[in-house]
Each structure stands twice: as structure tokens, then as C-alpha cells.
Amino acid sequence: MNFKLIYALYKKEMKDIFRDKKTLLMMIMIPIILYPLLLVGMVVLLNNIQENNIEKTYRVGFYQVDEKDEIINCMLDESDEYEYNFQIIQVSDVSEALKNKNIDVYIKSEKSKDQINFTLCYISSISDSKMAASMMEDILYKYREQLRVSKVLENNLEVKSMLYPITVEEEDGATKEEAVGSIMGSLIPFLLITTILLGAIYPAIDVTAGEKERGTLETLLTLPVSNVEIILSKFLAVSTIAIVSAVLNMASMSGVCVYFFKLMSFNQTTVANFNMLKFLPAILCMVLCVIAFTMFVSAVCVCICIFAKSFKEAQNYSTPILLIFMLASYIGIIPGVELTSTTAAIPVVNISLMIESVFSFNFDITLILIALFTNIAYGFIAIWIMSKCFNSEGILFGESTGNLKLMEKRINMKPNQMPSLGDVIILFSVILLFMLYFGSYATIRWGLNGVFMQQIGMLLILSLYSWYMKCDVKKVFSFQLPKGKHVLGSILLWFGIYIFMIMVSAILVPLFPNSVIQSNQLISFMKGKNIFMIIFMIAIMPAIGEEIMFRGFLLGSIRRKWKKGIAIIATGLIFGLYHGSILKFFVIGILGCALAYAVYQSGSILCSMLMHLLNNVAAIIITLYPKEVSNIIPILVKDKLLPVEFIGMFVLSGTLLFIGILLLEDIKLKQNK
């Protein structure tokens, strides 16, 4: 790798980016000019609204209120304290006057034996009416207080001991810095993540889809430089812009905060004791993790935009990414969610919670390092995927995901066609939404029957799509009988992977204990049910439905567009994400890769269905009969593995995997050649 060439290409990419006025606007004009104007403008606007509410005169009416004079006197007595301006309106029909906006609020009363019930009538959709009702509520509470005191005095009793036998005061143990840091830790992650993403999206679009649209990418690829050097220069350019954008945004927001801090210090002497230097360690931790996070975000943006053929198409692709990152950044605002060994490994979420933690002066070095190194790891993974995508001519110059065959009329479609990448994304989005809304509800509402309905619904969606698209069902879903060697190889492959999954689980369970609790909750409804029904609903149906979806439609659609390794890994990772658990993402992701490999080598989805079925049946038996399994094979239900057991399982797993792969690699399919 020639670093001089990478530097030269990097300078070229930076010049191209800075020629785009949109990039300069997003990176410089918005943080330096727009943010201060917005923040200062919002404060001025809120102050004007508050002053206007106080200075405005609110019109009040009364309906059958015998205590009218006392309440009016209370309003006059307390007008200085509350700073309210009232005008008493005399009308015959207060209800009609309220509807016609001649009054803002009116009071009516009903008397019982021991009480007087006052009712405030107002219109909540009118701001003046709502404000007047709130003000009159304060006055009525004050009037109630006066009545209490007068009644106590009439009976020659002590006011304090009768009305106020106890008093409650609050004493905040947090320092001023901790209180302010808690607020800053909730707001900064959202602003920072959003600005980093906005700073990375436009340059990423420009160096990928922009070059395709301008026709300069082909010229760049003819230069005597490797694709790795080209993609690294693009990645570094996007990362630079994203980091500079984040720094400018944070500097601008910090300047506004300092301005308000100085403004407050003139009015409140206690504010002057606030020590900004105490936040220096938190800022340093944040900077380190943000740099790693920025590289991850930049790589993700380039990976997404590289699939687009035009600037407009790339903007469409980046919108969902922006929404996902913004939603994940809100996690710091949710009460009860803290930085743990689990959340520290979740991308985007870990940065948000880490910033909240350090600004609250909770410095857990282990968790901070996990957040830092996981972002670095995710960044390297994204860079690796990015380099693989850049080496694919089909991705750079072939069919884009914007080519949706689903949008065509069925009568115009050719028979036996293959889905486009855009169709894969659309169909998977529909199925995931179906599983999220209907599937979750059906499982909670109907238990095992809900699981069955999930799978049937998913199969119906896939069937309707395949029919409408006139898909080549045999090629897309790999419907063909496997050979005996492939069946045996698939069984041995699953057995080896299953042992390996147990080993991985033994390592990860202490790190992600919440995932184990979630898994136990998901399978708790199996208790007390017929074993054959459980196997049919939870083992057989998912083995059919999920395999047709993942190893059928997904793998069948991408295997002819992507390289073998990328297609297998992508299918496995998506399968892991589908199960919605950090622990399952790693464990089930490994299984998903093995299932995809079996289909890829055998050409038959029946092999992966068999492996999936065996895995589900094993999970059911271990869940329902842990004692019996422990008596026969205790190692399967152990929480912790001894080093000797770990080594033995590793050797056994490796042997089974080796034999299974040999059997599956024995005969290559013609369509894979």
C-alpha cells in the first residue's frame, strides 16, 4: 500500500468536496450562524411569550358563585405575587360568552353539605383560555388556604400544628456541576450524533454517487492505483469532514452555552461558583470515543451511498440511516437505561450512554474502553465491507437498488426473473414490519398459535411477491432434492456449529445477562403444552418459514450479485439481527452463516431446513427437560465451562465441522461455477 498515493488521492477528494457549496453550508454556515441564532432566538421568543402572558388581561366570569366577592378580593390581594391581570366580566350567559370568546374562563360552584365544589370552565384549544384557567386555579387554591386558616382560628386552634403538622424540604446531594452535567449528558449525544451524521452524509454521497453521476469514477479507476488506496482516500476525506463538522458544531453550541452561563452569572451570584474545568476529563473521554464513532459513521455512510447511481438516490438511501441513528441517540433520555457491558457494545447507543455517564461524573474505565474499542471494531468491519463493495463491478456499475421491479406491471414482467436488491430491501422491510406489529401481538395474545400465524403470514407475503414478480422459484429458493453426502454433511456441520455455539454462549452470557432473561421470557409459554404441538409450532414451522425467507429469498437474491463469502456473512448477520437480542446476534448469527453455507454448497434449501429443525428441537428439549439432559449430557446445560471441557468441545467441534465441510465441498454446483 502506497501512502503517498493515498495522501495524493486524499487531497484530490478534499478539493472535490470543498468545491461543493452544500458541504460548506452544512459544515460551516449551519453551526456557526444558524445554531446561535436558533438558540438565542428561542430564548428571546420564550421570554416574550412569558412576558406577554403576564401583561395580558384575562377576562373572568362567574356563574352562581356566592363566594364571588371573596374570590375577587383574593385576586386583588394576590395580584402582585402572581403578576396576573384580570377583568371581571358581567354577562347573563357565561357559557355562550366563552364560546364567543367574550370571556376567557368562568367559574361555577355546587354546594354539598360539607363542601363547595368550584369548576373552572375554559377552552383548552385557545391558549389565552387555558392560561386564564391555570391562573384562576392558583387563585382558588389560595382562597382555599384562606378559608382553612379562618376556620382554624374560629376554633381557637394553632394554625401551624393543625394545617401544617409536617413540612417537607428537598436537599439535593448533587453539586452544581453534577446537576448541569446530567442535563448536558442528555442533550449532547443527540446533537453530537446528528451533526456527525450530517457532516458525513453529504461528503459520502459526493465521493461515491456524485462521482458516478459526474462520470469521473471510471477515470479514477484507470489510474495506476489499487482500489484499496482509492477507497481509503475517500473514507479519510469523509471522516475528516465529519470530524471538522462535529468540532465546529460543538464549538458553536459551547459558545452559546457559555454566553447564557455568563448572562446568568450577572443575575445569580451562586452561578459564578460553577467550575467548568471539572468537565475537562468528560470532554477528553468524549473526544476519544467520538473520533472512533466518526470513523464508523463515515464508513457506514460510504457503504450505503456506494450502492446509489445518482446523488438523489443516495439521499434517499441515507434518510433511513439518519432516522435510525437519531432514534438510537435518544436512548440517553430514557430513564433507567444505563451504560453496562451490554449497552456499551451496541453501536450508537454506546456513544450516547457513554457521554451521559461521563458528564454525570461516572467514570467506569472498563465500560468506556468497551465503547471505544467496539466502535473501532465496528469501524474496521464497515471499512472491510466498504472495500469489498468497491471491488465489485456489479455494485459500482451494475444494477442499483433503486431499480425496483416490483413497481412494474405484472403483465410486462418477464418470466423466471430474479429480484433486484431494491426488491429485497422493500420485501424485507414489509416482512419485518409485519413481524414487529402483528407477529409480536400474535405471540403475546395467542402463544403457540401466534407463532404459527407469524410463519404463515410470512410465507404468504413471500408467495404473493414471488407470484407477482414471476420469480424463478427453483433458483431463488433453491428448491431441489439434496444428495445423500450433502444431507450427512449438513447434519455434521450443524452438530459442530451447535457445540461451537455453546462455547460462544458460555463466554458471552456473563457479558449479556439480560439477553438470557429475554430468551427465557420468550419460551416460557411452552410450559405445560403438548410436546408434539410445541415441536410443530416452534421447530418445524420456523424451520420452514425462516429458511424460505433468509436462505431462500435473501440468499437466493444476493448470491448471484455478491461474492460467496459476503453473501454468506451478510445473510448470517441479518439472521442474527432478526432475533432481536445482543447474545443471539452473535450466537444465531454464527448459525445463520452455517445454514447459508450449507445451501450455497448443496444447492438445496432442504439441508438448511433440516439443520434449523435440529437446532430448534435441541433448544426445546433442553428448555423443557433440563434435568434429564443434565443426567445424559451435562455439558449442554452448564452455565460455565472448565478449561478442559472447553478444549474438548473445541476439538470435537472442529472435527465435526471439518468432516461436514469436506462432504459439502465434495460436489460443486454448476450454477456456482
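The values are calculated or read from the model by the stated rules, or taken from the named source; none is laboratory data. Here the structure is a predicted model, which means the values were calculated and not measured. Backbone-built Cβ (ideal geometry, glycine too); neighbour counts: all protein chains shown. Only protein heavy atoms, including side chains, enter the accessible area calculation; ligands, DNA and RNA are left aside. Shrake-Rupley method; radii C 1.70, N 1.55, O 1.52, S 1.80 Å.
Please label the shape of the stretch 442-493 as rounded, prolate or oblate, based on the square roots a ≥ b ≥ c of the eigenvalues of the alpha-carbon gyration tensor (a/c under 1.5 means rounded; beyond that, a/b larger than b/c means prolate, else oblate). Taking the square roots of the gyration eigenvalues as a ≥ b ≥ c, the stretch 442-493 is oblate. Ordered by 1.4 Å accessible area with all protein chains kept, Trp446, Trp494, Trp467 run largest first as Trp467, Trp446, Trp494.
Quick one: order Glu665, Glu171, Glu628 from most to least accessible surface, probe 1.4 Å. Mind showing how you got there, number by number?
Details: Glu665 60, Glu171 175, Glu628 100 Å².
Ranked from most to least accessible, the order is Glu171, Glu628, Glu665.
The lysines within cross-link reach of Lys111, meaning a Cα-to-Cα straight distance under 17 Å and a gap of 8 or more places when in the same chain, are Lys68.
Relative contact order for the stretch 89-172 using alpha-carbon pairs under 8 Å, separation at least 6, rounded to a whole percent? Can you show the working numbers first?
Values: 60 pairs, mean separation 13.4, N = 84.
Once normalised by length, the contact order is 16 percent.
Any idea what the dipole of the chain comes to, in debye rounded to 20, about its Cα centre with Lys/Arg Cβ at +1 and Asp/Glu Cβ at -1? Spell out each step's value before the answer.
Values: 55 positive and 52 negative charges, 909 e Å.
Using Cβ point charges on Lys, Arg, Asp and Glu, the chain gives about 4360 debye.
What is the chain's relative contact order, in percent, from Cα pairs under 8 angstrom and six or more apart in sequence?
Working: 790 pairs, mean separation 76.6, N = 673.
Here the relative contact order equals 11 percent.
Over the chain, what is the percentage of antiparallel beta bridges among all DSSP beta bridges, to the nearest 5? Don't jump to the answer; show the numbers that get you there.
Numbers: 6 of 15 bridges.
Roughly 40 percent of the DSSP beta bridges within the chain come out antiparallel.
Here the spin labels are modelled as points 7 Å beyond Cα on the Cα-Cβ line, and at Leu624 and Ser124 they lie 5.1 nm apart. Extension gain for Ser134 to Ile659 (0.36 nm times residue separation, less C-alpha to C-alpha distance): 181.3 nm.
Under 5 Å from the amide H of Ile103 lie the amide H atoms of Leu98, each residue being 5 or more positions distant or on a separate chain, with H modelled from the backbone and absent for Pro and chain starts. Could you work out [θ]222 nm for the chain from helices alone, using -39500 (n - 2.57) per DSSP H run of at least four and dividing by all its residues? Round to the nearest 500 deg cm²/dmol. Using -39500 (n - 2.57) per qualifying helix, the result is -21500 deg cm²/dmol. The chain has equivalent-ellipsoid semi-axes of 59, 35, 28 Å, by the square roots of 5 times the alpha carbon gyration tensor eigenvalues, sorted largest first. Would you work out if the stretch 80-237 is rounded, prolate or oblate? Take a ≥ b ≥ c from the square roots of the eigenvalues of the alpha-carbon gyration tensor; rounded if a/c is under 1.5, else prolate when a/b is larger than b/c, oblate otherwise. Oblate shape, in that a/c is at least 1.5 and b/c is the bigger or equal ratio.
Protein heavy-atom accessible surface, 1.4 Å probe, per residue over the chain: 53 Å².
Listed cross-link partners Lys409/Lys584; Lys56/Lys99; Lys309/Lys414 are compared with a 31 Å cut-off, the Cα-Cα value being larger for Lys409/Lys584. Converting phi to 3J(HN,Hα) with the Karplus coefficients 6.51, -1.76 and 1.60 and the offset θ = phi - 60°, the stretch 583-595 yields 4, 5, 4, 6, 6, 5, x, 5, 4, x, 5, 5, 5 Hz in sequence order, with x at every glycine or proline.
Counting only protein heavy atoms, what percent of the accessible surface of the chain is carbon or sulfur at a 1.4 Å probe?
Details: 23410 of 35830 Å².
C and S atoms contribute 65 percent here.
Between the residues Asn350, Gly457, Leu657, the greatest Cα displacement towards the positive end of the dipole of the chain, with unit charges on the Cβ of Lys, Arg, Asp and Glu, is found for Leu657. Each residue of the stretch 350-361 was assigned a 3J(HN,Hα) from its phi angle through the Karplus expression (A = 6.51, B = -1.76, C = 1.60, θ = phi - 60°), giving 5, 5, 4, 6, 5, 5, 4, 5, 5, 6, 8, 6 Hz with x at Gly and Pro. With θ taken as phi - 60° and the Karplus curve 6.51 cos²θ - 1.76 cosθ + 1.60 applied, the whole-hertz 3J(HN,Hα) list for the stretch 169-180 is 10, 10, 10, 7, x, 7, 6, 4, 5, 5, 5, 5 Hz, x standing for glycine and proline.
I need the shape label for the stretch 555-673. Rule: rounded when a/c is under 1.5, else prolate if a/b > b/c, else oblate, with a, b, c from the alpha carbon gyration tensor. Verdict is prolate for the stretch 555-673.
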